[in-house]
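Undergrad: Handing you a structure now.
Every read-out reported here was derived from the displayed coordinates using simple, explicitly stated rules and does not represent laboratory data. Here the structure is a predicted model, which is why all the values come from computation and not from measurement. Heads up, the Cβs are rebuilt from the backbone with ideal geometry, glycines too, and the neighbour counts pull from every protein chain shown.
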Amino acid sequence: MDFPIFEHLHLYEGLRELVNISYSNVAPFRLGGFERDLPPDLELEWTDPDGMLDLRRAIARRHGVPPDRVLVTSGATEANFLVNAALVRPGDRVVVDAPTYSPLRDCPRGFGASVLPVLRDCGTWSLDLDRWNRATKPKTRLLVFANLNNPTSAPLSRGDLRALGELAEERESHVLVDETFRELAFAGTPPSAATLGPRMISISTVTKLYGLGALRVGWIVAAPEILRRIRRIKDYTTVGGSSPGQILATWALQRHRRFAQRARAILDRNRTIVRERFDAIPSVEGRVPSAGTVLFPHCSRSVDRLASRLVRKYRTVIAPGRFFGVKDHFRLGLGGDSAELAQGLANLERALKDVR
């Protein structure tokens, strides 16, 4: 196995003190906000390898499945790794949505697969099912998406998901959908892919909507046979997760409405800031999405030179589009501190005047 370097992750090393307008998360939730103490008799020696039952029940309700179709993991990163480890073999063909978050594209490469990105229609970021039909040849092992898409926040509709499930059935493939951002569509939340057929697999985490990335709690929702294969591999990765983290994650999931209202208030405020500022930046073009935590505008200047200038002169971070497979775009985050976002956008406007 030879896994590509996760370059986007390492972008942030040494840049923590800078203004960062590239993050995809919602502002972090603080420990004091839980309004509860951990049980003093909590056993810290052992935890259920499948995840605590109350947590699996809470996750199952969010996806509309029974708890026995849920496996708790150490974040969505482990979930993605385990699905690929269970399904992908050297020489397999994997077809991946583009643009996309790089681990979704690069993890199957680490297991020796041939990976084919299928680009969405730039601008609208809509899915072209004809392209997917042409790209998904017989014996394609896996079709990979994020819903909502990262970095564009574009959704896959129920019709899209059903069509992909039918395509996977015809090709004897599986469909992996990272649903980390799905519920950040709020009233327009698409269905969980795992409810639409046995070849559909969903992964997610408490990192984004809940602002609880440090808990490292994620999950896989899949058919029982797939979960059996994944469990055998998980015995060699984390076995079981952190009990304190799972207790806190359960508390948050049981208060989903509270966290969704918090996230929506932050995102609505920040969307207004971006819409107003973009009118003054002619070199940048892109619609601010009504859902999700990120947008992916086009830039008429060199994005790599712009990103470098922002860091060196203005101490500001954006995520260049090359990380996601489209070089003339960059990712902006909508879920952070509003004052920091406004400052970062002002710095972006100034930096664009320096870059030709």
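Undergrad: Below 27 Å, Cα to Cα, which lysines can residue 139 reach? Residues fewer than 8 away in the same chain don't count.
TA: Result set, ordered by chain and number: 234.
Undergrad: Looking only at 71, 87, 176, which one moves most when the chain is put into a Gaussian network model with springs between Cα atoms under 10 Å?
TA: 87
Undergrad: Apply the Karplus curve 6.51 cos²θ - 1.76 cosθ + 1.60, θ = phi - 60°, to the phi angles in the stretch 153-163 and return the couplings in whole Hz, x for Gly and Pro.
TA: Listing the rounded values in order: 6, 5, x, 9, 7, 4, x, 4, 5, 5, 5 Hz.
Undergrad: Further question: Restricting to Cα pairs below 8 Å that are 6+ residues apart, what does the relative contact order work out to for the stretch 45-255? Please round to a whole percent. Each step should come with its number before you reach the end.
TA: Details: 412 pairs, mean separation 56.7, N = 211.
Once divided by the residue count of the stretch 45-255, the mean separation gives 27 percent.
Undergrad: If you average the C-alpha positions of the stretch 120-180 and of the stretch 323-350 separately, how far apart do those two centres end up, in angstrom?
TA: Distance between centres, Cα-based: 27 Å.
Undergrad: Continuing with the same structure: How large is ³J(HN,Hα), in whole Hz, for each residue of the stretch 69-77 in order, when computed from phi with the Karplus curve 6.51 cos²θ - 1.76 cosθ + 1.60 and θ = phi - 60°, using x for Gly and Pro?
TA: Once rounded to whole Hz, the list reads 9, 10, 10, 7, 10, 8, x, 5, 5.
Undergrad: Apply the Karplus curve 6.51 cos²θ - 1.76 cosθ + 1.60, θ = phi - 60°, to the phi angles in the stretch 113-129 and return the couplings in whole Hz, x for Gly and Pro.
TA: 7, 8, 10, 10, x, 10, 6, 6, 5, 4, x, 7, 6, 7, 7, 9, 5
Undergrad: Give me the distance in nm between label points sitting 7 Å out from Cα along the Cα-to-Cβ direction at residue 271 and residue 255, one decimal.
TA: 2.5
Undergrad: Restrict the search to the stretch 38-147; then list the GluC sites (Glu not before Pro) that DSSP places in a loop and that have at most 11 other Cβ atoms within 10 Å of their Cβ. Don't skip to the end; give the middle numbers.
TA: Values: sites: 43, 45, 78; in loops: 43, 45.
Listed in order of number, the matching sites are 43, 45.
Undergrad: How many nm separate the modelled label positions at residue 346 and residue 129, each set 7 Å beyond the Cα in the direction of the Cβ?
TA: 4.8
Undergrad: Provide the gained length on full extension for the span residue 353 to residue 61, in nm with one decimal, where the gain is 0.36 nm per separating residue minus the Cα-Cα distance.
TA: Working: separation 292, 0.36 × 292 = 105.12 nm, distance 4.96 nm.
Gain in length upon complete extension: 100.2 nm.
Undergrad: Amide H of residue 150: which non-local residues (sequence gap of 5 or more, or other chain) have their own amide H closer than 5 Å, using H built in the peptide plane?
TA: 101
Undergrad: Extension gain residue 12-residue 187, at 0.36 nm per residue separation less the Cα-Cα distance, in nm?
TA: 59.7 nm
Undergrad: Can you list the lysines whose alpha carbon is less than 18 Å from that of residue 313, not counting same-chain residues fewer than 8 positions off?
TA: Counting by Cα, and skipping residues close in sequence, residue 313 has these lysines nearby: 353.
Undergrad: May I pose another question? In nm, to one decimal, how far is the residue 139 label point from the residue 238 one, both placed 7 Å along Cα→Cβ?
TA: Placing both labels 7 Å along Cα→Cβ, they lie 3.5 nm apart.
Undergrad: When the helices in the chain are scored as -39500 (n - 2.57) per DSSP H run of 4 or longer and the sum is shared across all residues, what 222 nm value do you end up with, to the nearest 500 deg cm²/dmol?
TA: So the helix-based figure for the chain works out to -11500 deg cm²/dmol.
Undergrad: Which of the aspartates and glutamates could a cross-linker bridge to residue 208, judged by Cα under 17 Å and excluding same-chain residues fewer than eight apart?
TA: 78, 178, 179, 183, 268, 337
Undergrad: Oh, and also: Explain nothing, just the number: relative contact order of the stretch 199-356, from Cα pairs under 8 Å at least 6 residues apart, as a whole percent.
TA: Across the stretch 199-356, relative contact order equals 19 percent.
Undergrad: Between exposed chymotrypsin sites (Phe, Trp or Tyr not before Pro) in the chain, where DSSP calls loop and at most 15 other Cβ atoms lie within 10 Å, what's the longest gap?
TA: Segment 47-235 is the longest.
Undergrad: Still on this structure, I have one more. Can you tell me which of 90, 138, 40 moves the most in a GNM of the chain? Springs connect C-alpha atoms under 10 Å apart.
TA: Highest fluctuation of the listed residues: 40.
Undergrad: Still on this model: In terms of modelled amide H atoms, which long-range or inter-chain residues lie less than 5 Å from the amide H of residue 116?
TA: 94, 95, 96
Undergrad: I want the antiparallel fraction of DSSP beta bridges within the chain, as a percent rounded to 5.
TA: 40
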